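Comments concern the structure below.
Bear in mind these aren't lab numbers, they're just calculated from the coordinates by the rules spelled out. Not measured: the values here are computed from a predicted model.
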Amino acid sequence: MLRNVAVVAFDQAPVFEIGVVCEVFGLDRSADGLPRFDFALVAGEPPPLRTSSGFSIDTPHGLERLEAAELIAIPGWRSPDEQPPAAVLDALRSAVARGARVMSLCSGAFVLAAAGLLDDRRATTHWRYAPALAQRHPRVRVAPDVLYVDEGQVLTSAGTAAGIDLCLHIVRTEYGADVANRIARRMVVPPHREGGQAQYIETPIAADRRDGALGAALAWALAHLDEELSVEVLARRAHMSPRTFVRRFAAALGGTPHQWLLAQRLTQARRLLETTDLGIDEVAGRAGFGSAAALRVHFARRLDIAPLAYRRTFRSARGAREVSA
């Protein structure tokens with residue numbers, strides 16, 4: 001279970017991206033029953049380091065701190081045309097070789113690529129930098145249209161707020177949906193922007209709050225996941241024709257109503273498995289899958305795990321946290 005996290009800062013460091021990692025992993029929320037991480041900000045170059053916003057940051061931690069990290073975050077790199085420090089690249093390669101995970105936010109993907117860690121892997125970055133990443137590192141399978149990509153030991157995210165999604169995704173895979181949702185609630189951000197690919201490689205989507213009718217229909221759907229929710233039903237709630245509803249949905253969320261409903265139902269099922277003693281049939285019914293068999297099929301396709309195994313995994317993690325607290 002993830003405990004030790006480090007984020008590497010360079011000169012001209014992006015403040016928001018560093019802050020995202022600090023907010024998710026660097027705050028002690030153990031009084032609320034949430035996991036506490038051994039967290040450090042590490043200097044990738046000699047400090048003090050100037051930020052991209054004009055002020056300086058300092059830290060007592062050098063690259064040697066990365067040797068203990070289970071997760072290393074690279075929040076951003078100042079120029080796609082500049083080679084990152086060799087010592088940082090060596091440290092990242094060593095970390096992956098010993099089994100640690102590395103993640104990038106926005107242009108931090110160029111650092112992972114320079115270390116060779118994205119070769120023959122699917123990866124993403126901010127859409128503005130995606131062509132440059134593909135050109136400079138042709139072995140990287142750049143996915144410019146997603147918010148984040150999880151390739152196991154190596155994870156990448158797009159710009160700005162996508163880093164929040166990736167950090168919460170990591171918490172979710174380690175500690176379950178309930179813990180990730182509680183941290184998101186503390187941060188006042190959406191708890192989960194998920195997409196439709198297998199396991200935990202996701203293309204997250206989120207509602208467009210500017211569309212009041214669409215937003216109201218989706219909010220209603222979230223409260224009625226156990227019911228039959230066809231496009232026709234949702235369109236009526238939004239006072240639209242089915243064709244208009246599908247078109248507006250695609251423009252606002254970047255997917256289909258079916259994909260969105262499946263993601264929400266899986267999230268609901270995961271929460272029920274983690275936090276209740278309901279039987280699998282009841283969980284399936286409340287989440288809108290209709291039967292335990294259907295729930296098992298979707299868990300296998302999307303999460304590569306059976307519902308009961310998922311419950312055992314995250315119930316065990318929850319018990320360990322309560323004992324340690």
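Using only DSSP helix segments of four residues or longer, with each worth -39500 (n - 2.57), what per-residue ellipticity at 222 nm results for the chain after dividing by its residue count and rounding to 500? Can you show the working numbers first?
Values: 13 runs with 148 residues, N = 325.
Value at 222 nm, helices only: -14000 deg cm²/dmol.
GNM, the chain, Cα, under 10 Å: largest mean-square fluctuation among 47, 60, 307?
Fluctuation is largest for 60.
5 Å is the cut-off here: which amide hydrogens, built 1.01 Å from N in the peptide plane, fall below it relative to residue 104, excluding neighbours closer than 5 in sequence?
Long-range HN contacts for residue 104: 74, 155, 156, 157.
With a Cα-only, solvent-free Debye model of the chain, what are the log10 I(q)/I(0) values at q = 0.14, 0.15 Å⁻¹?
-1.12, -1.24
Find the all-direction average of the projected area of the Cα convex hull for the stretch 212-254, expressing the result in square nanometres with one decimal place.
Average projection, Cα convex hull of the stretch 212-254: 2.7 nm².
I'd like the orientation of helix 242-253 relative to the chain: the angle between its Cα long axis and the longest Cα principal axis, in ° from 0 to 90, rounded to 10.
20 degrees
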